[in-house]
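Shown next, in structure tokens, is the structure this report addresses.
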Amino acid sequence: MRIGILTFHRALNYGAVLQCYALQSVLQSLGHDVKVIDYRQPDVELAYKPIVLSWLLKKLPFPHKLLPYLKDAARMRRRHKLFKPFEKQYLSLTSNAYTDSIPDDFDAYVVGSDQVWRLCQDGRPDRFYSGDFARGANSRLIGYAVSSTQRSVETMGAENLGHAIGRFDSFSFREANYASLTKKMTGLDVETTIDPTLLVDEKVWHEMADSPRRHKKYVLVYEVRTLAECPDMLIRRATALAERIGAEVVDVSRLEIGVGEFVSYFRNAAAVVTSSFHATAFSIIFERPFYTYVLNDGKDSRYVDLLTSLGLSDLLKTKDDELMGLPDVDFLSAKKILTDMRAASMDFLTHALTDKR
């Protein structure tokens, strides 16, 4: 079966590209011919474009604004160069780029994972990620581990949410929270499946990880969101923990590194302190002691759901929680649960590709 994946593969974000590769790998392991559809989602393209002419022109008269903008542009160019080798080596892309259409010749389309149902700048979810595109009459449309935000789901409203889910032959959310909210809003029962990074065989990540460049003991920090009232909170907590265990701090969110090296930093960390879903996922994969901070900004459910389901909710911390030492994490029990979750998610995928639910 020819399968096309629709996701955020062009976001210069470690979690986005790694979950894309993981989903591709899982589908290929089932014997399918898999391509990542090279859809150039406008908001994603704009967010990671080094220079936006209209923005540049607005800043030209103001040197104090222009210089930081040019520095950010240079940083974004370097980021493109860091991510391009991963795309070339690991992602099997369609030969053409698409901005206002989707190829109609796949036997099945898998939308997800990641936050493909978050609102765009126009206040609506992207229509292609919502399944609103022309395709073959006998093709299947599958939503796998689709993620969003509570605001996005509520803004869509019951009618639009029901219509969007109704376009899919099979649909699942990544977070149980959104499945429950959808049930409350629409009466629809929606399944939940795990993120592809947790679904794929763990040996994939061990094979990808580059040789570690740091040999000292370190506490790894990775954050993609910060507290407005205390932006250095995570660093402060990690620094205190590092002092207690005799380690240094590595803030990987501020390093310019390739995707494989990013994975290796998790594999070799003494501990991880994060506010990121995928950092939490890789801490579990590599069985690294970790703490995940809840920021109460409406985006915590990504990892709260995961850790609660795995019996690891005691690793969730709030801004007032100090870290007195390494946690004693029961990875054995958590991974037994994860094995069952993998089986259920694989069952969803295999049935979605063969049955019209």
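The values are calculated or read from the model by the stated rules, or taken from the named source; none is laboratory data. Computed from a prediction, not measured in an experiment: that's the story for all the values here. Neighbour counts are summed over all protein chains in view; Cβ atoms, including those assigned to glycine, are modelled from backbone coordinates with ideal geometry. Heads up: the accessible areas ignore ligands, DNA and RNA and are worked out on the full protein's heavy atoms, side chains in. Shrake-Rupley method; radii C 1.70, N 1.55, O 1.52, S 1.80 Å.
A few remarks follow.
- Per residue Cα convex hull volume in Å³ - calculated over the range 127-278: 165
- Per-residue accessible area (protein heavy atoms, 1.4 Å probe) orders 32, 163 as 163, 32, starting from the largest.
- Gaussian network model of the chain, Cα within-10 Å springs - most flexible of 30, 312, 91: 30
- Whole-number percent relative contact order across the range 49-195, with pairs defined as alpha carbons under 8 Å at least 6 apart: 18
- Counting 0.36 nm for each residue step from residue 120 to residue 321 and taking away their Cα separation leaves a gain of 68.9 nm.
- Share of alpha-carbon pairs per 5 Å distance bin for the range 116-187, given as whole %: 3, 16, 30, 29, 13, 7, 2
- Which labelled figure in (i) 5, 21, 22, 20, 19, 10, 3, 0; (ii) 6, 28, 39, 24, 4, 0; (iii) 5, 23, 33, 26, 11, 2, 0 is P(r) over Cα pairs in 10 Å bins from 0, in percent, once derived from the coordinates: (iii)
- Environment charge at residue 282 (Cβ cut-off 12 Å; Lys +1, Arg +1, Asp -1, Glu -1): -1
- Estimated inter-spin distance, residue 40 and residue 92, nm [label 7 Å along Cα→Cβ]: 2.5
- In this structure the amide hydrogen of residue 146, modeled in the peptide plane, comes within under 5 Å of the amide hydrogens of 172, 173, 174, none closer than 5 places in sequence on its chain.
- Database remark: amide H of residue 136 closer than 5 angstrom to the amide H of 106 (H placed geometrically; neighbours at sequence offset of 5 or more, or on other chains; Pro and chain starts carry no H).
- Counted charge near residue 104, where neighbours are those whose Cβ lies closer than 14 Å (Asp, Glu -1; Lys, Arg +1): 0
- Across the range 172-181, computed HN-Hα scalar couplings (Karplus, 6.51 cos²θ - 1.76 cosθ + 1.60, θ = phi - 60°) run 9, 8, 7, 9, 4, 4, 6, 5, 5, 5 Hz from first to last residue, x flagging Gly and Pro.
- Size of the range 29-185: Rg and Dmax of its alpha carbons, in Å, are 18.6, 57.
- Peptide packing for 76-83, 34-41 was compared via the average number of neighbouring C-beta atoms within 10 Å per residue; ordered from the highest value, the list is 34-41, 76-83.
- Relative to the globular-protein estimate of 2.2 N^0.38 Å, the Cα radius of gyration of the range 155-215 stands at 1.69.
- In the chain, the calculated helix contribution to ellipticity at 222 nm averages -13500 deg cm²/dmol per residue, counting -39,500 (n - 2.57) for every DSSP H run with n ≥ 4.
- FRET efficiency for the pair residue 330 and residue 77, taken as 1/(1 + (r/R0)^6) with r the Cβ-Cβ distance and R0 = 35 Å, rounds to 0.20.
- Label-reachable residues, the range 110-149, where backbone N falls under 17 Å from a point 7 Å from residue 104's Cα toward its Cβ: 128, 131-141
- Under 5 Å, built H, 5+ apart or other chain: amide partners of residue 272: 220, 290, 291
- Stretch gain in nm, segment residue 216-residue 30, where the contour uses 0.36 nm per residue and the Cα spacing is subtracted: 62.9 nm
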